[in-house]
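Notes follow once the structure below has been shown.
The values are calculated or read from the model by the stated rules, or taken from the named source; none is laboratory data. Here the structure is a predicted model, which is why all the values come from computation and not from measurement. Every residue, glycine among them, receives a Cβ derived from its backbone with ideal geometry; neighbour counts consider all protein chains shown. In case anyone asks, the SASA skips ligands and DNA or RNA and just uses the protein heavy atoms, side chains included. Shrake-Rupley method; radii C 1.70, N 1.55, O 1.52, S 1.80 Å.
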Amino acid sequence: MSKNTWLHIGLGSFHRAHQAWYLNELIKQGDDSWTIAAGNIRNDSEHTIEALTAQNGEYVLETVSPRGEREYEVIKSIRKLIPWQADLAPLIEEGAQEAVKVIAFTVTEAGYYLDSHFKLVQSDPALKADLAGGNQTIYGIIAKILKKRMQLENGAVTLLCCDNVRHNGERFHDGLVEFLGLTGQNDIIEWMKANVTTPNTMVDRIVPRPAEDLPARIQAQTGIADQAPVMGETFIQWVIEDNFKDNVRPALEKVGVELVESVIPYEEAKIRVLNVPHAAIAWMGTLLGKLYIHDSTNLETVRKIAHDYVTEDVIASLGNDLIDLGKYRDVVLDRFTNPHIKDTNQRVAADGFSKIPAQIQPTLIERFKQGARPAATAKLPALFFVFMERWHEGKLPFAYQDGILDETAVHAMYESADPVKTFAADRALFGELAGKPEFEALLREQVEEVRKLIA
């Protein structure tokens with residue numbers, strides 16, 4: 001059987017505990033027709049690439065349930081590691097190969113550089129560099145790969161976004177087309193119409209940064225000296241719109257992936273019931289002196305914020321027949337209490353300036369349109385406001401990470417005469433609600449509520 005290659009861009013822990021696990025399951029079933037090649041746009045993970053290269057791409061995945069049941073598995077689906085270099089030539093070369101039929105990527109929400117209208121933030125330095133011919137973003141690298149595929153007549157490919165972005169395949173497609181138009185590459189836009197699909201996906205598994213004691217624990221349990229292990233929770237889910245180009249794809253349905261006509265119901269539920277509470281718990285937990293998600297979730301004050309937001313506003317704005325949202329909420333909150341994952345508030349609190357418009361703003365807008373006063377949802381940006389106030393004061397217990405953080409603007413906001421007013425008027429965060437008196441009043445009220453809760 002001829003081999004197909006699945007190229008993955010963004011070789012982090014999540015990919016290795018999620019997509020690579022599914023393809024490994026196929027290999028275990030005797031289907032060795034797909035292998036993964038993987039590399040990075042940035043050079044901040046080369047230690048992982050080097051460690052995996054020395055291990056022939058193999059590594060151990062530890063999974064752990066909320067009750068502490070641990071399992072260990074050697075993952076063997078990544079067969080080619082692509083070293084980083086400044087011009088990304090090896091990654092482009094691999095992406096242009098005819099054997100590559102799927103190019104997937106995990107570059108975080110912030111890695112798409114989209115504003116609240118889903119247009120590219122052209123002022124961002126990385127995107128600006130790519131518009132001038134660079135390759136620091138997913139658009140720059142994919143544009144170069146597609147150009148080479150077109151020149152070599154190496155044909156059709158599926159581009160598969162695996163990040164927590166609503167309608168992620170469509171958003172990526174539109175961002176890429178906008179990028180190509182801005183850079184005068186209309187020939188690639190035309191070529192894409194016949195040669196590329198960009199299915200929507202929904203991915204789910206909590207994968208923290210590997211704990212320092214993970215290699216020692218794995219060696220004790222398995223005898224394997226692994227320099228690049230990963231860990232994750234037992235729960236795993238992957239839903240994909242079955243729109244692979246020419247239907248060329250791994251037989252993912254045989255290993256538990258849900259191939260569906262529309263991902264939207266699953267995606268909306270996951271973003272609003274899992275991703276949003278996750279971030280809120282990280283922000284609030286930090287404000288109450290906790291460093292880990294499980295410790296934060298176990299605080300009644302914190303759990304209530306997450307529970308009330310889903311119960312009062314998400315179920316009212318998102319009810320559907322496919323998913324029992326109340327049951328899903330309870331499963332999610334139980335997963336967040338897993339003390340063995342040791343997922344950090346620092347990791348989950350990241351990228352708030354992308355999460356508010358992409359994940360929280362829609363519920364706010366929908367509830368206002370329904371005539372409600374969504375206090376439970378407004379409490380979440382209020383949490384972020386107080387959290388970032390701590391950042392402004394230099395009082396966070398960790399370095400806050402955000403791909404689109406404008407430090408100067410945020411400091412200026414907190415030094416303004418009325419920081420809440422400035423925050424509430426931010427169109428990039430709140431879209432059509434920005435500057436509306438009723439929204440500003442609600443946000444102001446919730447900021448005061450948060451201050452009382454942490455006093």
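Placing a pseudo-label 7 Å from each Cα along the Cα-to-Cβ vector at A251 and D213 gives an inter-label distance of 4.2 nm. Straight Cα distances below 19 angstrom link K128 to the lysines K119, K144, with same-chain residues fewer than 8 positions distant left out. Within the accessible area of segment 1-53, the carbon and sulfur atoms contribute 48%, probe 1.4 Å, all protein chains present. Gain on full extension, evaluated as 0.36 nm per residue between A99 and E432 minus their Cα-Cα distance, stands at 115.3 nm.
Taking 0.36 nm per intervening residue step and subtracting the Cα-Cα distance, what contour gain separates E261 from I323 on full extension?
Answer, rounded to one decimal: 20.7 nm.
Its relative contact order, with pairs defined as Cα atoms under 8 Å and 6+ residues apart, puts the chain at 14 percent. In percent, rounded to a whole number, the relative contact order of segment 385-454 is 26, using alpha-carbon pairs under 8 Å and six or more apart. Normalised by residue number, the volume inside the convex hull of the Cα atoms of segment 307-386 is 108 Å³ per residue.
Starting from segment 35-98, pick out the trypsin sites (Lys or Arg not before Pro) whose DSSP state is loop and whose Cβ has at most 14 other Cβ atoms within 10 Å.
Numbers: sites: R42, R67, R70, K76, R79, K80; in loops: R42, R67, K76.
Those that pass, being in a loop and sparsely packed, are R42, R67.
Extension gain, Q221 to Y72: 0.36 nm times the residue separation minus the Cα-Cα distance gives 52.8 nm.
Quantify, in whole percent, the carbon and sulfur part of the accessible surface of segment 306-408 (1.4 Å probe; protein heavy atoms only).
Working: 1940 of 4030 Å².
Within segment 306-408, the accessible surface is 48 percent carbon and sulfur.
The trypsin sites (Lys or Arg not before Pro) of segment 372-454 meeting both criteria, a DSSP state outside H, G, I, E and B (loop) and at most 11 other C-beta atoms within 10 angstrom of the site's C-beta, are K395. Here, segment 1-158 yields an orientationally averaged convex hull projection of 11.5 nm² when only Cα atoms define the hull.
In the calculated pair distance distribution of segment 87-129, what percentage of Cα-Cα distances lie above 13 Å? The partial results should precede the final answer.
On the way: 614 of 903 pairs.
That fraction is 68 percent.
Return the percentage of antiparallel bridges among DSSP beta bridges fully within segment 1-101, rounded to the nearest 5 %. Before the final figure, lay out each step's value.
Numbers: 6 of 16 bridges.
For segment 1-101, the DSSP antiparallel bridge percentage is about 40.
Dividing the convex hull volume of the alpha carbon atoms of segment 214-259 by its residue count, what do you get in Å³ per residue?
Numbers: hull volume 5.7 nm³, N = 46.
So the per-residue hull volume is 124 Å³.
Using the Cα atoms of segment 1-87 to build a convex hull, what is its mean projected area in square nanometres? Mind showing how you got there, number by number?
Values: hull surface 26.3 nm².
That works out to 6.6 nm².
If you wrap a convex hull around the C-alpha atoms of segment 174-328 and split its volume per residue, what is the figure in Å³?
Details: hull volume 33.2 nm³, N = 155.
Looking at segment 174-328, the number lands at 215 Å³ per residue.
Entry note, the chain: the mean residue ellipticity at 222 nm calculated from DSSP H runs of n ≥ 4, each adding -39500 (n - 2.57), is -13000 deg cm²/dmol after division by the residues and rounding to the nearest 500. Rolling a 1.4 angstrom probe over the protein heavy atoms with all chains in place gives the chain an accessible area of 40 Å² per residue. Over the Cα atoms of segment 305-444, the radius of gyration divided by the Kirkwood radius equals 0.98; this is the Rg/Rh ratio. Each peptide in 397-403, 153-159 was scored by the mean count of other Cβ atoms within 10 Å over its residues; highest first, the order is 153-159, 397-403.
The orientation-averaged projection of the convex hull spanning the C-alpha atoms of segment 92-168 amounts to 5.4 square nanometres.
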